[in-house]
Every structure is written in structure tokens, then in C-alpha cells.
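Asker: Below you will find the structure I want to go over with you.
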Amino acid sequence: ICAFISLEVMRQSVKRMIESEETIWIKYYYAWSFACACSGFALLFLAGIALLVLSMPQMPRNPWETCMDAEPEQVE
């Protein structure tokens, strides 16, 4: 709930700032640290996906292999 409230407060303040005639627009550029953070996020995200793919069990080529390898059931 707190996240939604803070998101709405931010949205309203940005909307008010854009509509205000007192706002002075300036040019700005992203710093090198922003690019470093973005590349770190992308690297972490890709490494997480790779880890998930590598940790998955190997699928059998033939679906019946898992059934054939099972021990026969003992009928009493």
C-alpha cells in the first residue's frame, strides 16, 4: 500500500510540475555511473537466467525413458 501511495504522490507532483509555468526546463545528461548501473543490472539479469537454465534437470530425449528405468512394481 505504501508503494502505491508513494507512486501516486510522485505522479501528482510530476504532473503539477509539468503544468506549472514556473518550471524552468534545463538540459541534463546521464552520468557514467548510470550506464555502469544499467550494464550491471543487465549482466546480473542474464547471469540469473543462465543459472536457471543450467540448473534445470536434463530432459530425456524419449519420454518413455523415465518409465522404462523405473523398478517394476511388486504385486502382492
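Asker: Within the range 9-35, which residues are part of a helix (DSSP H, G or I) and open to solvent by less than 80 Å² (accessible area, probe 1.4 Å)? First the steps, then the outcome.
Answerer: Restricting attention to the range 9-35, the residues satisfying the condition of being part of a helix (DSSP H, G or I) are 9-19, 32-35.
Those that are part of a helix (DSSP H, G or I) and open to solvent by less than 80 Å² (accessible area, probe 1.4 Å): Gln12, Ser13, Val14, Ser33, Ala35.
Asker: Would it be correct to say that Met56 is at pLDDT 75 or above and open to solvent by 80 Å² or more (accessible area, probe 1.4 Å)?
Answerer: yes
The values are calculated or read from the model by the stated rules, or taken from the named source; none is laboratory data. No experiment lies behind these values; they were computed from the predicted model shown. Ligands, DNA and RNA are excluded from the accessible area calculation, which covers all protein heavy atoms including side chains. Shrake-Rupley method; radii C 1.70, N 1.55, O 1.52, S 1.80 Å.
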